Amino acid sequence: MTREPLHEDALQRPQPPRLCHQHEPRHFQHRPEKNDKAGLITFSDKIGSTIKADRKANQLNKILHALYNEKERPLEANYELLYHIARKLINGRSLILLYTNFESMYALERVLPHLRRINNFHLLVVIFFENTEIQDFVKEEAKTVEGIYTQTMAQNYLAEKSAIAHVLRQHGIQTILTRPEDLSMNTVNKYLELVRI
């Protein structure tokens with residue numbers, strides 16, 4: 001994932017395609033094993049790559065190759081389309097890791113009904129990112145009125161991200177709000193937490 005420099009219009013940037021990685025959960029097992037199946041669905045305004053869940057030895061390479069070939073689309077993601085394609089392609093209750101980003105509560109509220117529907121059929125984990133550049137900016141000392149205003153807006157933005165994670169959890173949707181550099185560790189920890197349930 002590339003990191004873009006912080007801009008005042010950071011809240012208006014086009015979004016990359018969302019990734020939906022699926023696992024079929026094993027019941028009462030504690031560590032990832034050969035029984036896990038991995039698949040991939042990418043989407044934005046339309047479905048991109050789809051790789052049906054499988055446990056073949058070359059499955060990870062197929063997923064990585066598909067991700068490498070993905071292109072950013074500046075259009076709004078269609079979560080209703082994700083719901084329908086997940087119903088069609090994913091057989092049985094599965095663990096779905098949805099990598100996305102919500103920049104505002106309004107954006108979440110618009111797609112929350114679709115996420116809840118997905119969560120009714122599968123175990124959905126929504127993974128989205130903290131903006132580390134904004135976090136660093138908030139820690140700097142503001143020296144002008146404009147700087148104080150900008151810093152206040154940045155603090156509100158960070159608070160809204162936390163509120164978004166809270167709302168998802170209130171609706172029974174597992175959530176990971178993470179720094180990009182902590183993504184792997186936090187995702188593995190959540191996976192281990194869920195397979196122990």
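The values are calculated or read from the model by the stated rules, or taken from the named source; none is laboratory data. No experiment lies behind these values; they were computed from the predicted model shown. Positions of Cβ are backbone-derived with ideal geometry, glycine not excepted, and every protein chain shown enters the neighbour counts.
Out of the stretch 136-149, which residues are modelled with pLDDT under 90, part of a helix (DSSP H, G or I) and surrounded by 10 or more Cβ atoms within 10 Å (Cβ to Cβ)?
D136, F137, V138, G147, I148
Would you tally the residues in the stretch 174-197 being within 15 Å of N101 (Cβ to Cβ), among the hydrophobic types (A, V, I, L, M, F, W, C) and outside any strand (DSSP E or B)?
1
Provide a single number: the residues in the stretch 49-64 that are among the aliphatic types (A, V, I, L, M), closer than 19 Å to I127 by Cβ and not in a helix (DSSP H, G or I).
So the answer is 2.
I'd like to know if the stretch 65-87 contains one or more residues that are touching a residue at least 24 places away in the same chain (Cβ under 8 Å), under 21 Å from the mean Cα position of the chain (by Cα) and assigned to a strand (DSSP E or B).
no
Take the residues in the stretch 101-119 that are closer than 12 Å to H171 by Cβ and touching a strand residue (DSSP E or B) at 6+ places or on another chain (Cβ under 7 Å), then tell me which one is surrounded by the fewest Cβ atoms within 10 Å (Cβ to Cβ).
It comes out as L115.
Could you grab me the full set of residues in the stretch 49-76 that are farther than 24 Å from V195 by Cβ, touching a Leu at 6+ places or on another chain (Cβ under 9 Å) and not polar (S, T, N, Q)?
Of everything in the stretch 49-76, those that are farther than 24 Å from V195 by Cβ, touching a Leu at 6+ places or on another chain (Cβ under 9 Å) and not polar (S, T, N, Q) turn out to be A66, E70.
Return the residues of the stretch 150-170 that are of a type outside the set (D, E, K, R), surrounded by 15 or more Cβ atoms within 10 Å (Cβ to Cβ) and under 17 Å from the mean Cα position of the chain (by Cα); say none if nothing qualifies.
Hits for the stretch 150-170 are L158, I164, A165, V167, L168.
With H84, H122 as the choices, which residue is surrounded by fewer than 17 Cβ atoms within 10 Å (Cβ to Cβ) and within 15 Å of I41 (Cα to Cα)?
H84
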